[in-house]
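The block underneath contains the structure these notes are about, expressed in structure tokens.
The values are calculated or read from the model by the stated rules, or taken from the named source; none is laboratory data. Being a predicted model, the structure only gives us computed values, none of them experimental. Backbone-built Cβ (ideal geometry, glycine too); neighbour counts: all protein chains shown. Heads up: the accessible areas ignore ligands, DNA and RNA and are worked out on the full protein's heavy atoms, side chains in. Shrake-Rupley method; radii C 1.70, N 1.55, O 1.52, S 1.80 Å.
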Amino acid sequence: MPEPPIRTVLCYGDSNTWGYDPASGKRFAAHERWTGVMARELGDGYRVVEEGLNGRTTRWDDPIEPGRNGLTYLAPCLESHQPLDMVLIMLGTNDLKRRFNLSASDIAESAGALAGVAKHIGKTAAGQPPHVLLIAPPAVTTLTDFDEMFSGAEPKSRLFSRYYRMAAGWHGAAFFDAGTLIESSPLDGIHFAADAHRVLGQALAHEVRSTCT
């Protein structure tokens, strides 16, 4: 009897997908990152692809940190990892930087556009569009070292849930609100602590498993 196919899940995000540790500024170990937690929960029938990059935006060129435009890299990323059964997108926090001067709805629509690209370009083994889950990042909290860079970000980020849900619907993607489960660490106001990675990874494993059946 043939072995069941391995399901491939692509996780596309920023430093919180990369695994930035707000306490040390270094990277969490693979098993501590939410992607690693999710992979462990899913088990051998799944392959989880980590595509996190510090500073990545939804679709904006950063004049200070080049190479961070999430739209520019998404298409080749999708094609290089195909076939894909599911794509998880969690971006938008870096769009809150003061230099971009974007509203919460602008950011959500930009994130939703990435979901649309994933459905258009991504392919399963059967040649069908993959399942796409658009994840609203949790709101930023009390900013420390990033206070000037993210000035005015907190009230905008608290609108993410509302606008990301709308954007997911516009682009035919499922929606998940990370802010209902976790909070950004008070150590820097932006990144996730290890316990938040664990909670998020477990919850997203459930989402993936219930979708990719």
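Just a few scattered comments:
- Charge dipole (debye, nearest 20) of the chain; +1 at Cβ of Lys and Arg, -1 at Cβ of Asp and Glu: 380 debye
- Residue-level accessible surface for TYR164, protein heavy atoms, 1.4 Å, Å²: 0 Å²
- Measuring with a 1.4 angstrom probe and ignoring ligands and nucleic acids, CYS212 comes out at about 10 Å² accessible.
- Residue-normalised accessible area of the range 1-100, given per residue in Å² at a 1.4 Å probe: 46 Å²
- Counting every C-alpha pair in the range 13-69, the share spaced more than 13 angstrom apart comes to 63%.
- Accessible surface comparison of LYS119, LYS26, probe 1.4 Å, protein chains only, largest first: the order is LYS26, LYS119.
- Degrees separating the helix 194-211 axis from the principal Cα axis of the chain, which is the longest one: 40 degrees
- Between helix 70-81 and the chain: long-axis angle, C-alpha atoms, 0 to 90°, nearest 10: 20 degrees
- Rounded percent of accessible protein surface that carbon and sulfur make up, the chain, 1.4 Å probe: 52 percent
- The range 172-213-the range 77-114 distance, computed between alpha-carbon centres (Å): 16 Å
- Exposure ranking of TRP60, TRP170 by accessible area [1.4 Å probe, largest first]: TRP170, TRP60
- On Cα atoms only, tilt of 160-170 relative to the major axis of the chain in degrees: 40 degrees
- If the segment from GLN128 to ILE6 were pulled out straight at 0.36 nm per residue, it would be longer than the present Cα-Cα gap by 42.3 nm.
- Lysine pair number, Cα distance threshold 29 Å (strictly under), the chain, separation 8 or more or different chains: 5
- Percent RCO, i.e. relative contact order, over the chain, from Cα pairs under 8 Å lying at least 6 residues apart: 24 percent
- Within the full protein context, the accessible area of MET149 is estimated at about 70 Å² for a probe radius of 1.4 Å.
- Relative to one another, the C-alpha centroids of the range 1-57 and the range 119-156 are positioned 15 Å apart.
- Using the rule -39500 (n - 2.57) for each DSSP H run of four or more residues, divided by the residues of the chain, the 222 nm mean residue ellipticity is -11000 deg cm²/dmol.
- For the range 143-194, pairs of C-alpha atoms spaced more than 14 angstrom apart make up 61 percent of the total.
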